[in-house]
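Asks: Below are the structure tokens for one structure; questions will follow.
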Amino acid sequence: MRELLPHHEIYSAGLCALDGAAADPIAVEIMWQAGIDISAHRARNLSSWMMREADLVFTMDHAQLEFVTQRFPAASTKLARLGDSCAADIPDPYRQGLPAFQHAYCLIERAVQRRLPQLARNRRLVCALN
């Protein structure tokens, strides 16, 4: 998403992230193969300031959407499941090996491409991951 929208503020946040943890080596490799360097990425948890500042907040699956809606009810109008454009939840590939990461990457890429016109209209975006 950052590659496609370089002038936007895009935050990645987890719901159960280990703050400061590096990206999974499999994710780093997949993104490197796609021409994107995420080696400096560090995990952080979704916070109230992100929810206040964001124009749109995306979750990866329906359960996350419900959780974030309950935790931040004032931001419910900003929330959407990223994969809604593809009618799909995006499963968390953590500790599931290369095929799971490749599948998640493909789903995310497809969902972002389909949402690009909507994303371009909003300047601050948050993607909430597992």
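What follows is calculated from the coordinates using simple rules that are stated; it is not laboratory data. From a predicted model like this one, the values you see are computed outputs, not experimental measurements. FYI the Cβ positions are ideal-geometry reconstructions off the backbone, even for glycines, and counts take in every protein chain you see.
Asks: Return the Rg/Rh value of the range 38-92, two decimal places, where both radii are evaluated on C-alpha atoms and Rh is the Kirkwood radius. Write out the running numbers ahead of the final one.
Replies: Working: Rg = 11.9 Å, Rh = 12.1 Å.
Rounded to two decimals, Rg over Rh is 0.99.
Asks: Is the range 1-55 best put as rounded, prolate or oblate by its Cα gyration tensor, with a ≥ b ≥ c the root eigenvalues, rounded for a/c under 1.5, and otherwise prolate when a/b is larger than b/c, oblate when not? Before the final figure, lay out the partial values.
Replies: Values: a/c = 3.12, a/b = 1.28, b/c = 2.44.
Verdict is oblate for the range 1-55.
Asks: Something else: For a quick check of your reading of the filter: which trypsin sites (Lys or Arg not before Pro) in the range 1-71 sit in a DSSP loop and have no more than 16 other Cβ atoms within 10 Å? Mind showing how you got there, number by number?
Replies: Working: sites: Arg2, Arg42, Arg44, Arg52, Arg71; in loops: Arg2, Arg44.
Those satisfying the criteria are Arg2, Arg44.
Asks: Given 37 °C and 0.692 mPa s, compute D for the range 9-129 with the Stokes-Einstein relation, Rh being the Kirkwood radius over Cα pairs; round to the nearest whole µm²/s.
Replies: Values: Rh = 14.8 Å.
Here the translational diffusion coefficient equals 222 µm²/s.
Asks: What does the helix-only formula give at 222 nm for the chain: each DSSP H stretch with n ≥ 4 adding -39500 (n - 2.57), the total divided by the residues, and the result rounded to the nearest 500 deg cm²/dmol?
Replies: Details: 4 runs with 48 residues, N = 130.
Calculated from helices alone, the mean residue ellipticity at 222 nm is -11500 deg cm²/dmol.
Asks: Can you tell me the 0 to 90 degree angle between the C-alpha axis of helix 62-71 and the longest principal axis of the chain, rounded to 10?
Replies: Rounded to the nearest ten degrees, it is 40.
Asks: Further question: Looking at the chain as a GNM with Cα springs under 10 Å, which of Gln33, Gln64, Gln102 has the largest mean-square fluctuation?
Replies: Most flexible of the set in this elastic network: Gln33.
Asks: Rounded to the nearest 10 degrees, what's the angle between the helix 98-120 long axis and the longest principal axis of the chain, both from Cα atoms, 0 to 90?
Replies: 40 degrees
Asks: Measure out, as a whole number of angstrom, how far apart the alpha-carbon centroids of the range 1-57 and the range 62-99 sit.
Replies: Here the two parts' Cα centres lie 14 Å apart.
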